[in-house]
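Structure, as structure tokens:
The values are calculated or read from the model by the stated rules, or taken from the named source; none is laboratory data. Since we're looking at a predicted model, the values are computed, not measured. All Cβ positions, even for glycine, are placed from backbone atoms using ideal geometry, and neighbour counts span all protein chains on display. The area values use the complete protein model at the heavy-atom level, side chains included, leaving out ligands, DNA and RNA. Shrake-Rupley method; radii C 1.70, N 1.55, O 1.52, S 1.80 Å.
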Amino acid sequence: MKWWALFVLLNSAAFLAAQVPDRTPAPTLRALSSFLLDEPKLDKAGQLAIRSDIMAQKPFSVTGPRGALLGQQDGSFEAWIFPWKILSGLRIQADMKDYPVPIDVNQQAATIEVRPGHTIITFSHANFTIREILFTPQQAPEGIGALAFFQIEAVRPTTLTFSFTPEMKRMWPALSDDHPSPEWVKTAGSGFYVLHLNAPDHAAAVAMPGAQYGIMAPYQERPKDYPVQFVLHFDPSTDKGKFFPLLMATADTAADASTAALGARLQSLNSQFQTLYSSTQTYYSRFSSKLLSIDTPDEKLNQAFSWAEVAIDQLRVETTPSHAETALVAGFYTSGDSARPGFGWYFGRDALWTLYAVNSYGDFQLTRDELNFLLARQSPEGKILHEWSQTADLLNWKSLPYAYASADANPLLLMAINDYMKVSGDSRFVEKHWKALELAWNFECSHDSDGDGIYENTQGTGWVESWPPGMPHQEMYLAALDQQASTAMADLARATGHDDLARQAELRAGKIGATIEKEYLLPGEGFYAFSRNADGTTDPSPTIYPAVAAWDGTYRLAHAGPMLNRWAGAEFSTDWGTRDLSPTVSFYDPISYHQGTVWPLFTGWVSVSEYRHGRSLSGYAHLMQNAGLTWAQDPGAVTELLSGEFFAPLGRSTSHQLWSSAMVISPVLRGLFGLEWDAAANKLTITPSLPAQWDRASLHHVPLAGGEVDLEMTRDGAMLIVRATGSSAQQVVLASRTPGSKSAGNVLRIPLPAAEVGLDHALPEPGATTRQMKVMDQQSSANSLTLTLSAAGNSQQTILLRVNDPHAKVHVDGAQMPPENSSSLRPLQVDFGPGEGYVEKTVRFTW
């Protein structure tokens with residue numbers, strides 16, 4: 001016999017099942033006769049739930065430290081135990097006694113319920129109800145990462161066939177075998193599959209207690225791809241109340257990959273199944289007890305905020321194979337026939353933008369884990385990591401063009417560490433890593449080939465990874481980060497006793513700010529250029545990238561007003577977020593990656609910038625667009641990018657995206673509530689812009705210098721009263737940037753204007769185009785409020801007027817004032833004149 005024929009024969013599933021004697025004790029795998037499904041309701045996070053009817057083509061993601069289940073809402077999914085893709089395309093068929101028609105169970109998917117610790121998809125048929133319950137353990141044994149189980153109820157005996165494609169692919173870009181060879185291993189009354197690869201040191205095992213094998217083509221049969229199947233016979237008279245787990249395990253040594261060892265691992269998993277499930281539910285039930293939460297009159301916003309914290313936490317992934325480190329991956333989405341599950345590996349800048357949210361809600365351990373991960377991979381020259389695959393250790397990753405592909409991770413690292421220090425007060429972390437920070441700083445300062453004193457794209461991309469006019473020499477985005485990183489380095493140096501360096505960095509920040517005004521401000525246009533070329537010319541394409549200049553709150557562009565007006569208008573602002581590029585540009589493309597799509601990341605940048613510039617109405621609109629996306633696609637998560645023309649995510653948009661969820665949190669805390677931390681002085685600055693519709697708001701577990709406080713905000717006529725409570729409240733110094741604010745002990749009194757305006761916000765229907773009213777400009781003085789509004793021609797719009805001072809006589813020009821009533825809010829009708837598309841109107845309030 002030829003060697004290759006023998007190899008094929010030995011790898012035949014039928015041959016292995018029939019011919020190889022099992023000389024080791026067979027594992028005992030059992031269905032779960034009793035199971036505690038409901039988790040304890042310990043706090044608000046434990047009560048988070050999204051329930052909706054199935055939208056079969058929309059995705060879901062169940063992710064955790066060692067694995068993921070990624071699928072469609074019809075219940076089909078792929079399973080990952082990092083870094084292995086174990087199986088894909090799991091589907092179910094039902095054959096019922098005396099009911100001679102097969103039923104595609106996935107077509108019966110009726111509802112989805114998503115909780116922080118698990119997801120349930122319910123299939124509903126006249127004869128049966130099946131619940132598919134999916135979770136990723138928080139504390140998983142070796143080789144375990146993602147689990148599922150099925151709760152079955154039926155009128156008649158039913159045979160369920162679970163079919164899937166065996167994959168055994170390592171995550172991109174490591175090489176994998178072309179196809180695993182499934183072996184059926186018999187056990188008492190059931191069995192399990194071993195998914196073999198060509199080498200003996202890697203394998204996976206998959207079991208469903210009580211099930212038998214399905215299609216098992218013999219070697220003599222014509223070659224063809226068949227699904228791997230579990231066939232489960234369910235008899236309601238004897239199986240009622242049982243839960244049937246889908247057990248999955250991997251092994252990465254020859255000893256662990258043996259049939260006996262895998263069988264033992266499955267048996268141990270079977271016995272621990274309830275504990276793994278319950279501990280995961282408890283983890284998330286307690287999740288918010290230590291982290292910041294909000295309580296506002298808008299329950300939907302409260303939930304979106306909590307879901308954003310959960311969505312970020314679900315992207316904590318342990319490094320493989322050692323599990324020695326934990327860091328944030330960029331996001332997950334189904335991989336199709338590839339080995340790329342969205343962006344399910346580590347990205348420097350994605351995590352660093354996200355750490356502002358993580359710092360804000362107080363998960364300092366996660367921040368330290370992420371920073372340690374990045375600093376451990378800093379290049380010898382000082383460059384900070386851009387991208388690190390989960391399989392990077394299996395190949396020469398640094399020889400590929402991904403590791404240090406971007407330039408912005410360096411300034412973002414300095415900014416994020418400074419933010420961490422300001423919130424936590426942990427200057428010892430800065431001292432511990434000072435040499436690495438100084439190396440990163442020197443790298444940033446030394447890459448300036450044209451001598452203008454600003455860090456350049458010559459060391460990697462700034463923001464865009466493709467740009468039709470050609471890759472930029474120096475982006476406004478990168479220049480603005482360089483300015484803020486210089487201020488951050490001054491803070492870090494001063495906190496650690498490096499006063500000379502602090503003065504140098506502070507001086508550099510001032511010079512960069514002046515140079516930006518000289519080199520990037522477009523004459524006569526009131527807009528800043530996208531980029532600067534090596535010859536000194538600029539690319540004047542109008543973009544939202546200058547919005548990042550206001551991110552840290554330490555720097556403002558001197559002439560941002562006209563640009564803010566355009567960002568708030570329909571030129572940039574859709575009804576679901578902000579485009580990055582103006583449609584007036586010739587290469588604008590609303591379904592491209594970088595030239596006209598809507599990213600929640602961009603929307604968050606713009607929202608924070610608007611709040612910092614006193615444009616709270618547009619800032620709130622953008623904030624609420626991001627919050628609303630929590631329910632739009634992958635329940636509980638916010639997607640990566642959407643069309644710039646229609647309200648729909650791009651087909652390849654990573655549906656559970658890290659920094660998209662972060663851009664729910666940062667605009668809320670740093671924009672709407674105007675929080676600023678100074679842990680060294682134990683000082684909390686609060687400059688809120690509460691919507692006119694709100695009478696009160698509370699923040700719980702606000703972190704500061706190793707302690708925490710609660711903040712209660714209540715309107716009292718023309719004053720907003722802020723009270724700090726909790727164990728650290730007496731030591732906290734409260735302040736506000738609002739003129740006339742006064743602090744006495746743990747109470748802060750913030751003056752309110754005599755009148756305010758509010759707007760209601762909701763995302764449009766799927767597929768809609770942009771039609772909602774925009775607030776393009778918002779200017780306030782001691783006795784007036786002037787709004788520049790934009791809406792469809794010949795339309796009628798409604799704004800809400802709140803009068804805080806009962807003695808004020810408010811007059812309005814440009815809107816119809818209703819009669820006074822006892823309500824705190826009065827609707828005003830605004831009539832827009834004729835015209836095609838959007839037309840503008842000014843509404844002015846005086847008192």
Residues of region 770-788 being open to solvent by 50 Å² or more (accessible area, probe 1.4 Å), free of Cβ contacts under 8 Å to residues at least 60 places away in the same chain and part of a loop (DSSP other than H, G, I, E, B), in sequence order, are A782
By residue number, the members of region 450-466 that are under 29 Å from the mean Cα position of the chain (by Cα) and either of a type in the set (G, A, S) or open to solvent by 30 Å² or more (accessible area, probe 1.4 Å) (or both) are Q459, G460, G462, E465, S466
- Query: Among the residues of region 663-674, is any in a loop (DSSP other than H, G, I, E, B) and either within 25 Å of the chain's Cα centre (by Cα) or closer than 30 Å to H118 by Cβ (or both)?
  - Reply: yes
Within region 49-69, residues touching a residue at least 40 places away in the same chain (Cβ under 8 Å) and surrounded by fewer than 23 Cβ atoms within 10 Å (Cβ to Cβ) come out as A49, I50, R51, S52, D53, I54, A56, K58, P65
Does region 437-449 contain any residue that is in contact with a helix residue (DSSP H, G or I) (Cβ under 6 Å, 6 or more places away or on another chain), free of Cβ contacts under 8 Å to residues at least 60 places away in the same chain and open to solvent by 10 Å² or more (accessible area, probe 1.4 Å)?
yes
Of the residues that make up region 756-779, is at least one small (G, A, S), over 31 Å from the mean Cα position of the chain (by Cα) and within 20 Å of P691 (Cβ to Cβ)? no
Apart from one, (1) under 18 Å from E640 (Cβ atoms); (2) outside any helix (DSSP H, G or I); (3) aromatic (F, W, Y) all hold for F587; the odd one out is (1)
Pairing a residue in region 399-417 that is over 16 Å from K435 (Cα atoms) and open to solvent by 10 Å² or more (accessible area, probe 1.4 Å) with any residue that is outside any helix (DSSP H, G or I) and among the hydroxyl-bearing types (S, T, Y), where Cβ atoms lie under 7 Å and the two sit 6 or more apart in sequence or on different chains, gives Y404/S379; A405/T461
All-but-one check, R340 against (1) surrounded by fewer than 24 Cβ atoms within 10 Å (Cβ to Cβ); (2) closer than 25 Å to A632 by Cα; (3) in contact with a strand residue (DSSP E or B) (Cβ under 9 Å, 6 or more places away or on another chain), failing number (3)
Sole miss for G524 among (1) surrounded by fewer than 20 Cβ atoms within 10 Å (Cβ to Cβ); (2) farther than 24 Å from A403 by Cβ; (3) in contact (Cβ under 8 Å) with a residue 40 or more places away in the chain is condition (3)
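May I ask you to list the residues in region 234-248 that are of a type in the set (G, A, S) and touching a Ser or Thr at 6+ places or on another chain (Cβ under 9 Å)?
Answer for region 234-248, where residues must be of a type in the set (G, A, S) and touching a Ser or Thr at 6+ places or on another chain (Cβ under 9 Å): just G241.
For the subset of region 718-745 comprising residues that are part of a loop (DSSP other than H, G, I, E, B) and modelled with pLDDT of 95 or more, which member is most open to solvent (accessible area, probe 1.4 Å)? Before you say what the answer is, go through the steps one by one.
Narrowing region 718-745 to residues part of a loop (DSSP other than H, G, I, E, B): 718, 726-728, 732, 736-741, 745.
Within this subset, residues satisfying the condition of being modelled with pLDDT of 95 or more are 718, 732, 736-741.
Working: A718: 37, V732: 10, S736: 29, R737: 158, T738: 33, P739: 108, G740: 58, S741: 34 Å².
Across region 718-745, the extreme among qualifying residues is R737.
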Among A509, A514, the single one that is in contact with a helix residue (DSSP H, G or I) (Cβ under 6 Å, 6 or more places away or on another chain) and either open to solvent by 10 Å² or more (accessible area, probe 1.4 Å) or closer than 23 Å to K435 by Cα (or both) is A509
Residue within region 616-630 that is aliphatic (A, V, I, L, M) and part of a loop (DSSP other than H, G, I, E, B) present:
no
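Being on the phi > 0 side of the Ramachandran plot, crowded, with 24+ Cβ neighbours inside 10 Å and of a type outside the set (V, I, T), is that true of even one residue in region 70-88? I'd like the intermediate steps shown before the answer.
Kept after step one, since they are on the phi > 0 side of the Ramachandran plot, are these residues of region 70-88: 75.
Imposing the further condition that a residue be crowded, with 24+ Cβ neighbours inside 10 Å reduces the set to 75.
From what is left, the residues that are of a type outside the set (V, I, T) are 75.
Within region 70-88, one or more residues are on the phi > 0 side of the Ramachandran plot, crowded, with 24+ Cβ neighbours inside 10 Å and of a type outside the set (V, I, T).
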| task | Answer yes or no: is there a residue in region 684-699 that is closer than 27 Å to L412 by Cβ, polar (S, T, N, Q), in contact with a Gly (Cβ under 9 Å, 6 or more places away or on another chain) and in a strand (DSSP E or B). | result | yes
The correct count of residues that are over 16 Å from P180 (Cβ atoms) and open to solvent by 60 Å² or more (accessible area, probe 1.4 Å) in region 200-222 is 6
Filtering region 590-615 down to residues that are in a helix (DSSP H, G or I) and among the aliphatic types (A, V, I, L, M) yields L601, V606, V608
T487 meets each of (1) surrounded by fewer than 18 Cβ atoms within 10 Å (Cβ to Cβ); (2) within 18 Å of C445 (Cα to Cα); (3) among the polar types (S, T, N, Q) with one exception, condition (1)
Counting only strands (runs of 3 or more DSSP E) entirely within region 275-353, those with at least 3 residues that are farther than 29 Å from Y620 by Cβ are 316-318, 326-332, 343-347
In region 574-591, anything open to solvent by 20 Å² or more (accessible area, probe 1.4 Å) and small (G, A, S) is listed as S586
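From the list G767, G706, which one is touching a helix residue (DSSP H, G or I) at 6+ places or on another chain (Cβ under 8 Å), surrounded by fewer than 22 Cβ atoms within 10 Å (Cβ to Cβ) and in contact (Cβ under 8 Å) with a residue 12 or more places away in the chain? Don't jump to the end; show me each part of the working.
On the way: G767 fails: touching a helix residue (DSSP H, G or I) at 6+ places or on another chain (Cβ under 8 Å).
On inspection, the qualifying residue turns out to be G706.
Looking at E318, E325, which one is over 14 Å from the mean Cα position of the chain (by Cα), closer than 18 Å to P137 by Cβ and open to solvent by 10 Å² or more (accessible area, probe 1.4 Å)?
Working: E325 fails: closer than 18 Å to P137 by Cβ.
Residue meeting the stated conditions: E318.
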task: Please work out if I133 is outside any loop (DSSP other than H, G, I, E, B), open to solvent by 10 Å² or more (accessible area, probe 1.4 Å) and within 20 Å of G64 (Cα to Cα).
output: no
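For region 789-807: of the residues being over 18 Å from A692 (Cβ atoms) and in a strand (DSSP E or B), which is most open to solvent (accessible area, probe 1.4 Å)? Walk me through it before giving the result.
Residues of region 789-807 that are over 18 Å from A692 (Cβ atoms), as a first pass: 790-796, 807.
If we keep only those that are in a strand (DSSP E or B) as well, we get 790-792, 796.
Numbers: S790: 6, A791: 0, A792: 37, Q796: 123 Å².
My answer is Q796.
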Across (1) outside any loop (DSSP other than H, G, I, E, B); (2) under 19 Å from S790 (Cβ atoms), R826 clears everything bar (2)
Residue hits (region 811-830; open to solvent by 50 Å² or more (accessible area, probe 1.4 Å) and without any contact (Cβ under 8 Å) to a residue 40 or more places away in the chain) are H811, D813, Q816, M817, P819, E820, N821, S822, S823, P827, Q829
request  = Could you check, for region 477-497, whether at least one of its residues is assigned to a helix (DSSP H, G or I) and either of a type in the set (D, E) or modelled with pLDDT under 95 (or both)?
outcome  = yes
inquiry  = Taking the criterion of being out of contact with any Leu (no Cβ under 9 Å at 6 or more places or on another chain), farther than 27 Å from A140 by Cβ, not β-branched (V, I, T) and not in a loop (DSSP other than H, G, I, E, B), would at least one residue in region 192-212 satisfy it?
reply    = no
